[in-house]
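These notes concern the structure reproduced below.
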Amino acid sequence: MGTLGKAREAPRKPSHGCRAAPKARLEGKPSSSPLPSHPSLAQITQFRMMVSLGHLAKGASLDDLIDSCVQSFDADGNLCRSNQLLQVMLTMHRILISSAELLQKVITLYKDALAKNSPGLCLKICYFVRYWITEFWIMFKIDASLASTMEEFQELVKANGEELHCRLIDTTQINARDWSRKLTQRIKSNTSKKRKVSLLFDHLEPEELSEHLTYLEFKSFRRISFSDYQNYLVNSCVKENPTMERSIALCNGISQWVQLMVLSRPTPQLRAEVFIKFIQVAQKLHQLQNFNTLMAVIGGLCHSSISRLKETSSHVPHEINKVLGEMTELLSSCRNYDNYRRAYGECTHFKIPILGVHLKDLISLYEAMPDYLEEGKVNVHKLLALYNHINELVQLQEVAPPLEANKDLVHLLTLSLDLYYTEDEIYELSYAREPRNHKAPSVFKNYDHDQDGYISQEEFEKIAASFPFSFCVMDKDREGLISREEITAYFMRASSIYSKLGLGFPHNFQETTYLKPTFCDNCAGFLWGVIKQGYRCKGNKHPESR
């Protein structure tokens, strides 16, 4: 129990409890060829791409890049050079201009070729657009402005009577394509959802539970497209990005479900048993190399509504707490998630990254490098770096998980996670299970080191400094020492005075999930993650780091 366990080496047959019902499968390329995961893979790939681009790698005008893409095709429409620049331009151009603007530049190039009576260049331009339509057809499906500009191009080509050109840029086949895999409904909070009681938790072993959670996680993760990552960069948040919203909602739902399952038990002993089982689930998730769900589970167990349960924690064995400590150290944000990055880099085959960490990397990279260099040249190095980072995440979707899931259990688990509780409701349940000590235990825990029931006048003044003015003079029954009863009376009087003056305490901080990059107003630190990155006062909305 005292170690996290080694990463999973090979697929395993599902447990007997999952054999009776139909199996749900997620299609993907065979995992017999593991994805390279050395930390320098992206740098190596980028170096090779930079070499292949030659002089363009040092920077080029947008027109030069478009022209180079067009010249990638020969007179028969075959690629006569590497398609790397095509891939980078057609995926990352929105960092610089919209897709419609890119196509408008292509239309201008086509018009110039017509004016110069250059049919060969016109044909190559149409080959380039055909490649765009074929490889990135979903862009023309979801981008209304791009579709409208394409119609303009089609009218231009048709007016010039080039039948072959018209066929090359035809987009009618797009309507027949199945794009449901990449789209999902936007998540909307619904405070009126019925509370459901999970029957799965009691009847599934930790290994079965971790596998079905991993199935749901991968199903959500593989829906995030290249365009979704790109939209995140352009918009700097997940708003209007339903696949990412759904992924974050799943992670938050799992974390909340963990809290509620612990708090649903009436006695400390039973709550401790649930806590222990979730630690075992976390160990299995680590073996499956599912770091995103692992973060959600550990985040739920470390949530203050659970960590405050002292009676419950007294029934948790030392070895379980040791595992929890190892898990939290693995997932710690210290040194920019150094422990996680090292463990993740050593994993091969199937793995699910902590999405928030890698999105943070994308934002950092995006902000650190300029879009343009001197003389208005496009920073091709930046486009390549962003492309390689996103492409690594997208490639992970092609390695199927080493498990099979029971379709009925997946459905039940989905229903179990479909709960909506506010933070206040969770805390109310937590305090109902183990009421807070009204005799200011936090003060004496922090200042009464010898546990004699007294703190010094100097220590009390540190506490009182948190208030705008002093409410009363403390009795000094023991030569400058202040008793537990005296400080309790102090806070009771403070509360009464604040109430009469209509003041209330100046801040009401709530643990908060920020859906876009946010900086702490207190320390100026960058806040990002999937769940509960910091605190925000309900009144003034200022973010605070944790």
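Observations, loosely collected:
- With the simple spin-label model, which puts each label point 7 Å out from Cα in the Cβ direction, the THR134 to TYR420 separation comes to 4.6 nm.
- Between ASN117 and ASP63, the contour length at 0.36 nm per residue exceeds the Cα-Cα span by 17.5 nm.
- For the pair THR267 and GLU329, the difference between a 0.36 nm per residue extended length and the Cα-Cα distance amounts to 19.4 nm.
- Segment 270-316 versus segment 215-266: alpha-carbon centroid distance in Å: 19 Å
- Over 22 Å between alpha carbons, listed pairs LYS58/LYS382; LYS141/LYS407; LYS111/LYS382; LYS284/LYS310; LYS58/LYS124: LYS141/LYS407; LYS111/LYS382; LYS284/LYS310; LYS58/LYS124
- Within segment 111-156, the trypsin sites (Lys or Arg not before Pro) that combine a DSSP coil assignment with at most 13 other C-beta atoms in a 10 angstrom radius are LYS116.
- Over all other residues within a Cβ to Cβ distance under 12 Å of ILE254, the charged ones net out to -2, with Lys and Arg as +1 and Asp and Glu as -1.
- At most 16 other Cβ within 10 Å, DSSP loop - trypsin sites (Lys or Arg not before Pro), segment 255-350: ARG308
- Cβ-defined net charge surrounding LEU56, 11 Å radius [Lys, Arg +1; Asp, Glu -1]: 0
- In segment 309-387, Rg over Rh equals 1.23, where Rg is the alpha-carbon radius of gyration and Rh the Kirkwood radius from pairwise Cα distances.
- GLN71/SER98 FRET efficiency (R0 22 Å; Cβ-Cβ; nearest 0.05): 0.40
- Rh by Kirkwood over Cα pairs, then Stokes-Einstein D for segment 193-330 at 1.567 mPa s and 4 °C, µm²/s: 81 µm²/s
- Largest-first ordering by accessible area, 1.4 Å probe, given options SER98, SER255: SER98, SER255
- Segment 353-440: radius of gyration over Cα atoms, expressed as a fraction of 2.2 N^0.38 Å: 1.92
- Rounded to two decimals, the Cα radius of gyration of segment 70-139 over 2.2 N^0.38 Å is 1.09.
The values are calculated or read from the model by the stated rules, or taken from the named source; none is laboratory data. Everything numeric here is computed off the predicted structure, so don't read it as measured data. As a convention, Cβ positions derive from the backbone with ideal geometry for all residues, glycine included, and neighbour counts pool all protein chains shown. Protein only, heavy atoms only, side chains kept; ligands, DNA and RNA dropped before computing areas. Shrake-Rupley method; radii C 1.70, N 1.55, O 1.52, S 1.80 Å.
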